[in-house]
Amino acid sequence: MKQGVFITGTDTGVGKTFVTCMLLRSLVNKGIKAAGMKPVETGCKPSGFALVPADGTAIKAAAKMQDNINLIVPYMFEKPLSPYAASMIEGRIVEPAGILDSYAALAKAYDFMVVEGAGGLMVPVCSGTNAGINRSAYYYSDLAGDLELPLLIVARAGLGTINHTMLTVRCALEEGLRVVGVVLNSTSGSAYDISEDTNLQVLRNICPVPVITRLSYAEPENDETRAAVQEIISAVLSFGS
Ligand SMILES: Nc1ncnc2c1ncn2[C@@H]1O[C@H](COP(=O)(O)OP(=O)(O)O)[C@@H](O)[C@H]1O
Ligand SMILES: [Mg+2]
């Protein structure tokens, strides 16, 4: 089983790529041979005959990888939809076996894998038929299980996050997935949300998995966010050992 982590979120736009890239930069700075992967990226921008995956490109740069982008993002789609829907519309089939092959190739060359999902755990990657299973869909929760990676759950810091976080954690545990923990992330520096002052404590009281830290809004990163990333790194590296 490869050392690594699967970055999932309670929703899209919660900061999965942000956390993935911060983690990769820190791991690489520590001298750890870490690789990132975004198995399916939708909403890619066309450039000539090719598609440019924004998340995959950011991940590749953060980990300073020299690998071909098609290995880092084996499936790219133009429409900003779930992989299942984008593949239906654009007519290209997603097969979990293709993802697992790319993952295996990277995992052979690297010591630590950081894989970013899309949306949340119950986003369908493809139909059950494409996955060779007798179910309507193959979900990101299935992919995390097949990759044998524990989850890091990125959640919003503000109002609504208690419900979304608890639903995601419950789903993960019911699926038998291991969970490193939850990171509450602020994706906006503007609107003050009073719940951000209490969510960390409430979730630490009620959530059955560790709520590691709260990551403030900061671009570029500052001392506070760097310290929070160190807490995440410690949790990820010590998980299961
Ligand atoms: N802690 C943060 N500080 C500053 N900007 C952030 C932070 N977290 C996320 N963002 C920004 O918010 C937007 C959405 O985050 P992103 O990582 O792309 O979400 P996701 O991958 O879950 O869809 C991006 O523009 C990202 O750079
Ligand atoms: Mg992303």
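Just so it is clear, none of the values below were taken in a lab; they were calculated from the coordinates. No experiment lies behind these values; they were computed from the predicted model shown. Glycine gets a Cβ as well: all are built from the backbone with ideal geometry, and neighbour counts include every protein chain shown.
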Over the stretch 1-56, the quotient of the Cα radius of gyration and 2.2 N^0.38 Å is 1.31
Counting only other residues whose beta carbon sits under 14 Å from that of Cys207, what net charge do I get with K and R as +1, D and E as -1? +3
Would you mind counting up the charge near Thr17? Only other residues with Cβ under 11 Å from its Cβ, with Lys and Arg at +1 and Asp and Glu at -1. -1
Size of the dipole of the chain about the Cα centre, Lys and Arg at +1 and Asp and Glu at -1 on the beta carbon, nothing else charged, in debye to 20? 320 debye
In units of 2.2 N^0.38 Å, the Cα radius of gyration of the stretch 1-103 is 1.08
Antiparallel DSSP bridges in the chain: what percent, to the nearest 5? 20 percent
Could you tell me which of Gln66, Tyr217, Pro80 has its Cα farthest along the dipole of the stretch 4-238 towards the positive end, charges placed at Cβ (Lys, Arg +1; Asp, Glu -1), taken about the Cα centre? Gln66
Amide H to amide H under 5 Å from Leu151: which residues, 5+ apart in sequence or cross-chain, H placed 1.01 Å off N in plane? Phe6, Arg178, Val179, Val180
At most 12 other Cβ within 10 Å, DSSP loop - trypsin sites (Lys or Arg not before Pro), the stretch 29-64: Lys30, Lys33, Lys64
Counting other C-beta atoms within 10 Å, which of Lys2, Lys108 has the fewest, and how do the rest follow? Lys108, Lys2
I want to verify the translational diffusion coefficient of the chain in µm²/s; compute it with Stokes-Einstein, Rh as the Kirkwood radius over Cα pairs, at 37 °C and 0.692 mPa s. 182 µm²/s
Between the stretch 147-172 and the stretch 72-126, the Cα center-to-center distance that results, in Å: 20 Å
Chymotrypsin sites (Phe, Trp or Tyr not before Pro) within the stretch 139-241: DSSP coil, no more than 11 neighbouring Cβ in 10 Å: Tyr192
Placing +1 at every Lys and Arg Cβ and -1 at every Asp and Glu Cβ, with all other atoms neutral, what dipole size does the stretch 23-74 have around its Cα centre, in debye to the nearest 20? 240 debye
Considering the dipole of the stretch 1-113 built from charges on the beta carbon (Lys and Arg +1, Asp and Glu -1) around the Cα centre, which of Ala97, Gln3, Gly43 is farthest to its positive end? Gln3
Can you give the direction-averaged projected area of the convex hull of the alpha-carbon atoms in the stretch 154-241, in nm²? 6.0 nm²
Work from the charge dipole of the chain (Cβ charges, +1 for Lys and Arg, -1 for Asp and Glu, about the Cα centre) and give the residue of Asn185, Ala235, Leu173 farthest towards its positive end. Ala235
Of Val182, Val154, Val19, which is the most mobile in a GNM of the chain whose springs link Cα atoms less than 10 angstrom apart? Val19
If you project the alpha carbons of the stretch 76-188 onto their three principal axes, what span does each projection cover, largest first, in Å? 38, 35, 30
